[in-house]
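A.B. asks: Following this message is one structure expressed as structure tokens.
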Amino acid sequence: MKKKEPEGYWLQYNPTHKMSEEALALFWAAVKKTRNKSAHADTVYWCSEKAVQELFPNFVPAKKVDFFAVLQNRLSRSHRLGRRPHIVNPPGSLMQFVAEFFCSRKSYEQVAKPIIADMQHEYFEALVHGRLLKARWIHLRDCCALFLSLGIFKLVQVVWNMWRRVRVL
Amino acid sequence: MKRMDEGPPHLSRKEALIMEILLERPAAELYGLELVRNSRKRLKRGTVYVTLGRLEDKGFIESREEIQPNMPGMPRRLYKVTGYGQRVYELLQQAREARHLTPAQLAGAI
């Protein structure tokens, strides 16, 4: 049985597109007919099919749901969230996850963990002194140091194991 | 963990440098970045932790996690030279110095 599609459309006003005043007026009229009472330019609105047909008789949408618009909206919302005070993971969380996943327990404990710990301390010290750019630079630099160390550590391990085997022979 | 079954103890140039920095204040415990700062650009961030790990494997240094309840983030790892490491470093330094002595100087020293 075919799933019944919802009767309506996602509408979004894109300020980068040039819309005529008449089209804009029609758009806002459509928005007013939706369930959303508070209207914002960067929000995606759900508009019933009947309302759209009433306002735009010649309108033939390619897709009923514009996923790109929804995604764009989500991204712009997360970008706006970044400017407000909110809870985030400490720096190095991703590095920690990657190192924990790819490295052995020993290399994680001996190499990755101290690098991340030192980086976090330096990062928070910089933040305490209000040096945001310095903190970001520390984060970037120590990410590189970690990947460099893990690469070198792996290489040293391989050479060391080969040397031990040669000595046994 | 000590690896006693792998021949006489040996220190590479970087390992010796780390031991030297740690032995400047034997009672103090230093963390990785402090070692990099104290080395006056002779140690790099990318290599210091690998070398420290190797020294720890050999039993020349020991480490512990710093406990600071008021600090955010993961606990830092502090490094300290062990008695065994100190003795090995001193013996290797003596051997290095003896290599540059003439036989007469060496006889005099003995």
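The values are calculated or read from the model by the stated rules, or taken from the named source; none is laboratory data. Just so you know, these numbers come straight off a predicted model, no measurement behind them. We place every Cβ from the backbone using ideal geometry, glycine too, and count neighbours over all the protein chains shown.
A.B. asks: For residues in region A:89-107 being surrounded by 11 or more Cβ atoms within 10 Å (Cβ to Cβ) and among the aromatic types (Phe, Trp, Tyr), which is modelled with the highest pLDDT?
C.D. replies: Keep residues of region A:89-107 that are surrounded by 11 or more Cβ atoms within 10 Å (Cβ to Cβ), which gives A:90-93, A:95-100, A:102-104, A:106-107.
Within this subset, residues satisfying the condition of being among the aromatic types (Phe, Trp, Tyr) are A:97, A:102.
Working: A:97: 86, A:102: 82.
The extreme case among them is A:97.
A.B. asks: Out of curiosity, is residue B:78 within 14 Å of chain A (Cβ to nearest Cβ), buried (at least 21 other Cβ atoms within 10 Å of the Cβ) and at pLDDT 90 or above? Spell out how you get there, then give the answer.
C.D. replies: Working: within 14 Å of chain A (Cβ to nearest Cβ): yes; buried (at least 21 other Cβ atoms within 10 Å of the Cβ): no; at pLDDT 90 or above: yes.
Spelling it out, it is not the case that residue B:78 is within 14 Å of chain A (Cβ to nearest Cβ), buried (at least 21 other Cβ atoms within 10 Å of the Cβ) and at pLDDT 90 or above.
A.B. asks: Which one is farthest from the other protein chains (Cβ to nearest Cβ), of the residues in region B:37-55 that are assigned to a helix (DSSP H, G or I) and farther than 17 Å from residue A:152 by Cα? I'd like the intermediate steps shown before the answer.
C.D. replies: If we filter region B:37-55 for residues that are assigned to a helix (DSSP H, G or I), which is where we start, we get B:37-38, B:45-55.
So of that shortlist, the ones also farther than 17 Å from residue A:152 by Cα come out as B:37-38.
Numbers: B:37: 11, B:38: 14 Å.
The residue in question is B:38.
A.B. asks: Still on this structure, I have one more. In the list B:75, B:26, which residue meets the criterion of being free of Cβ contacts under 8 Å to residues at least 24 places away in the same chain and assigned to a loop (DSSP other than H, G, I, E, B)? Even if it seems obvious, please write down each step before you answer.
C.D. replies: Details: B:26 fails: free of Cβ contacts under 8 Å to residues at least 24 places away in the same chain.
The conditions single out B:75.
A.B. asks: Within region A:129-146, can you find the residues that are under 22 Å from residue B:34 (Cβ atoms), within 26 Å of the chain's Cα centre (by Cα) and not charged (D, E, K, R)? Spell out the reasoning first.
C.D. replies: Within region A:129-146, the subset under 22 Å from residue B:34 (Cβ atoms) is A:129, A:131, A:134-135, A:137-146.
Applying the additional criterion that residues be within 26 Å of the chain's Cα centre (by Cα) yields A:131, A:134-135, A:137-146.
Scanning region A:129-146 gives A:135, A:137, A:138, A:139, A:140, A:143, A:144, A:145, A:146.
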